[in-house]
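Here is the structure we will look at.
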Amino acid sequence: MPQSGGNRLVNLWSRRANRAILATCLVGLAVVSLCTTVWFLAVHNGTLRAERDLTDRLTTTQRAVESEIERFRYLPSVVGEDGRIRDHLLGIGTSNQANSYLQAVRDMSGADEVYLLDTGGLTLAASNWDEPGSFVGNNYSFRPYFSDAMRDGAGRYYAVGVTTGKPGYFLAARVSGPDGPLGVVVAKVDMAPIEVTWSKAGELTGIADQIGIVFLSGRQDWKYRPLDALTPAALATLDAERRYDGIGVPAKQPIVGRPLLSGASLVLDDPSGALLASTVQIEPDGWTLFSALPLAPVYEEARLVTGIAGLAGLLASAIVLVLRQRRQFTRMKLEQNAVLERRVGERTEALHHEIEERKRTEAQLRDMQENLIHAAKLAALGRMSAAIVHEVSQPLSALENTLAASGLHADNKALPEVKRNLVSARDLVRRMQRTVKHLRTFASRKDAGALQPVDLAGVLDAACEIVSPRAREIGVLLERDSVEAPAVLGNGPRLEQAFINLILNAVDAAGTGEQRQVGIGAGIDGDNAVVAISDTGPGMPKEVRDRLFEPFFTTKTSGGGLGLGLSITRTILEEFGGSVCFASAPGGGTVTRVMLPLHLASRQAVAS
Ligand code: ADP
């Protein structure tokens, strides 16, 4: 079924709306995908960067820790070579000398304490010999650094001091004599400054021992906590070596809680947020350097980048959508205009056809009207034919008589009589010519033509002349007022036909009355000329008056009337802006009143 222009537009709109919804969904999907991708990329890149930073930090810290220990590496062996120490071990020297020496070494080297053990682990001399909590007299044979030094010549060990309760790194070196080991020199190094540095720098760094317990850390809550859950063997070692005496390490929560691979990073769930952690081994102690970086900045940056990407995506999509919509809007307006133009074109064509059709119908109507008028004329002529024949035959026989008399007068050579007869014969011929001329003019077809000034008196005279034979025939006296009638606007022959119809009707009506008289008068009423035709007929009953102008309505049953006279008369008068109406005359009969607009010149003449 063909769609109307309106439906097409509605469909167009709904299709566009669906497409706009789809486009918006696609844009939304694209922006979400973009944000997701950017988020993962940003997190990935940030994590990689954090891993690199972490590795750098671990390397730097590893170097710092190693160099700190290295500083004291040879201190015990150097001290063990000193004569005062050896003498004291051999029982030659005094303990005072050894104590003073060790005190001087401590103060100059920066070590925490330096002390001397005999082969049984008993402290013979110490740098803190004269201080409270002095090591002198204590036995440290249970410490691994002692047994390692006795066995291998050197030992190193980190522990919380059993005597002082202070943590420290113990470096030990065996002192050997010609007959075997004499004793062990131990230097205790305080590593707290490293811890302070980390803490001040806010570094999340720590060092765990061989069994995984953090003994140094920039974060205090990590200290003395295991990285992973401690194994039974580790617990046994801890107990045997009294490494972190009195701290209660086994009860503490592991920091990581899963095995750590050196160099590999992992993400920790910390109360402060996610942390990226990594480790590196510090040899030869088998320590684990553990460091972590908060991932919050990485997520923060990722959020920022994702937000910017999302906004940029939305902005780009909005620009694309706006441009697309503008293009669609323009296209739609063009389509709308095209539809409207097409509809206007169709309507114009339809109107054109209608106008053509109307013109054709009007032309047909005009033709029909002309034919009807002509038919009415012929009908009127038919009605008057007997009278016309009489009108022509009477002068013809008079002419014959006149001409016969002229012949006789010619035979008698009575020239003046002949002349008189000829003059009267010519009069008769002229009379016949006039009648024939009127009839010919009346019967001929003539179009309405243009409006022109028409002498109303002439029109009325001609009409009376044509109707008068009929009036004479039926014994009706036709009285024409001599009042001068003005000029009106119209067409002479048409007006003549209208008045012939009206006068003829009046004559016909008067012919059935007692008095048989028709009066024709003319005058002026305002801007109009008025013609009154009064007859002495029987008047008009109401049912006749109601149907007067109906085509083919006639009361003339004898076949004399066509019933077209009045309808044609009214058409003719209205054509010239005039009208006709009927009224009953006071003494019986009918008065027919015709109004016709005056010609301008007549109006001015009347006004002056
Ligand atoms: P027709 O003369 O052929 O009958 P008309 O249209 O001229 O047709 O007249 C219609 C009828 O109007 C006439 O038949 C007649 O009955 C009536 N009529 C017209 N003029 C008069 C008049 N002056 N007096 C009485 N009746 C009239």
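Working carefully through the options Asp87, Asp53, find the one that is of a type in the set (Asp, Glu), in a helix (DSSP H, G or I), modelled with pLDDT of 90 or more and within 30 Å of Gln281 (Cβ to Cβ).
Working: Asp87 fails: within 30 Å of Gln281 (Cβ to Cβ).
Matching residue, one of Asp87, Asp53: Asp53.
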**Message:** For segment 90-117, which positions are in contact with a Gly (Cβ under 8 Å, 6 or more places away or on another chain) and part of a loop (DSSP other than H, G, I, E, B)?
**Reply:** Gly93, Asp112
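If you go through segment 522-552, how many residues are among the acidic types (Asp, Glu) and within 9 Å of the ligand (Cβ to nearest atom)?
Taking segment 522-552 first, the residues among the acidic types (Asp, Glu) are 525, 527, 535, 543, 546, 550.
Then keep just the ones that are within 9 Å of the ligand (Cβ to nearest atom); that gives 535, 550.
Number satisfying all stated conditions: 2.
With the structure loaded, tell me whether Glu514 is more than 9 Å from the ligand (Cβ to nearest atom) and under 60 Å from the mean Cα position of the chain (by Cα) or whether it fails that test. Write out each step before concluding.
On the way: more than 9 Å from the ligand (Cβ to nearest atom): yes; under 60 Å from the mean Cα position of the chain (by Cα): no.
In short, no.
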**Asked** From Glu68, Glu131, which residue is in a helix (DSSP H, G or I) and of a type in the set (Asp, Glu)?
**Response** Glu68
**Request:** Report, ordered by the first and then the second residue, all pairs with beta carbons closer than 6 Å, sequence separation of six or more or different chains, a first member in segment 35-60 that is in contact (Cβ under 8 Å) with a residue 12 or more places away in the chain, and a second member that is of a type in the set (S, T, N, Q) and in a helix (DSSP H, G or I).
**Result:** Cys35/Thr306; Val38/Thr306; Trp39/Thr306
**Odd one out for Thr555 among (1) more than 9 Å from the ligand (Cβ to nearest atom); (2) hydroxyl-bearing (Ser, Thr, Tyr); (3) loosely packed, with under 15 Cβ neighbours inside 10 Å** = (1)
**Message:** Consider segment 255-314. How many of its residues are polar (S, T, N, Q), touching a Leu at 6+ places or on another chain (Cβ under 7 Å) and in a loop (DSSP other than H, G, I, E, B)?
**Reply:** 1
**Prompt:** Only one of (1) more than 17 Å from Leu456 (Cβ to Cβ); (2) surrounded by fewer than 18 Cβ atoms within 10 Å (Cβ to Cβ); (3) not polar (S, T, N, Q) is not met by Gly523, so which one is it?
**Reply:** (1)
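Take the residues of segment 323-336 that are surrounded by 11 or more Cβ atoms within 10 Å (Cβ to Cβ) and of a type outside the set (D, E, K, R): which is farthest from the chain's Cα centre (by Cα)? Outline the logic, then answer.
Pass one, segment 323-336, residues surrounded by 11 or more Cβ atoms within 10 Å (Cβ to Cβ): 324-325, 328-329, 331-332, 335-336.
In the following step, the residues that additionally are of a type outside the set (D, E, K, R) were identified as 325, 328-329, 332, 336.
Working: Gln325: 7, Gln328: 9, Phe329: 7, Met332: 11, Gln336: 15 Å.
Top of the filtered list is Gln336.
Going by the structure shown, is Ala229 within 22 Å of Gly168 (Cβ to Cβ) and out of contact with any strand residue (DSSP E or B) (no Cβ under 8 Å at 6 or more places or on another chain)?
Values: within 22 Å of Gly168 (Cβ to Cβ): no; out of contact with any strand residue (DSSP E or B) (no Cβ under 8 Å at 6 or more places or on another chain): yes.
No; evaluated as a whole, the condition is false for this residue.
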**Message:** Checking the condition more than 8 Å from the ligand (Cβ to nearest atom), more than 17 Å from Gln369 (Cβ to Cβ), over 60 Å from the mean Cα position of the chain (by Cα) and modelled with pLDDT under 90, which residue from Gly561, Gly519, Gly492 passes?
**Reply:** Gly492
**Request:** Could you tell me which residue of segment 221-254 is nearest to the chain's Cα centre (by Cα), considering only residues that are part of a loop (DSSP other than H, G, I, E, B) and hydroxyl-bearing (Ser, Thr, Tyr)?
**Result:** Tyr224
**Pairs with Cβ under 9 Å, 6+ apart, first in segment 116-140 and of a type in the set (D, E, K, R), second surrounded by 17 or more Cβ atoms within 10 Å (Cβ to Cβ)** = Asp118/Leu89; Asp118/Leu124; Asp118/Leu182; Asp118/Gly183; Asp118/Val184; Asp130/Asn99; Asp130/Gln103
**Prompt:** What pairs can you find where one residue is in segment 387-407 and farther than 14 Å from Arg434 by Cα and in contact (Cβ under 8 Å) with a residue 12 or more places away in the chain, the other is assigned to a helix (DSSP H, G or I) and among the charged types (D, E, K, R), and their Cβ atoms are less than 6 Å apart, with a gap of 6+ or different chains?
**Reply:** Ala387/Arg470; Ala387/Glu473
**Complete:** Exception for Tyr158 within (1) outside any strand (DSSP E or B); (2) buried (at least 21 other Cβ atoms within 10 Å of the Cβ) falls at (1)
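Is it the case that Asn401 is more than 16 Å from the ligand (Cβ to nearest atom), in contact with a His (Cβ under 9 Å, 6 or more places away or on another chain) and not basic (Lys, Arg)?
Considered against the rule, which asks whether it is more than 16 Å from the ligand (Cβ to nearest atom), in contact with a His (Cβ under 9 Å, 6 or more places away or on another chain) and not basic (Lys, Arg), Asn401 comes out as no.
The values are calculated or read from the model by the stated rules, or taken from the named source; none is laboratory data. Every value quoted in this text rests on a predicted model; they were computed, and no experiment measured them. Neighbour counts are summed over all protein chains in view; Cβ atoms, including those assigned to glycine, are modelled from backbone coordinates with ideal geometry.
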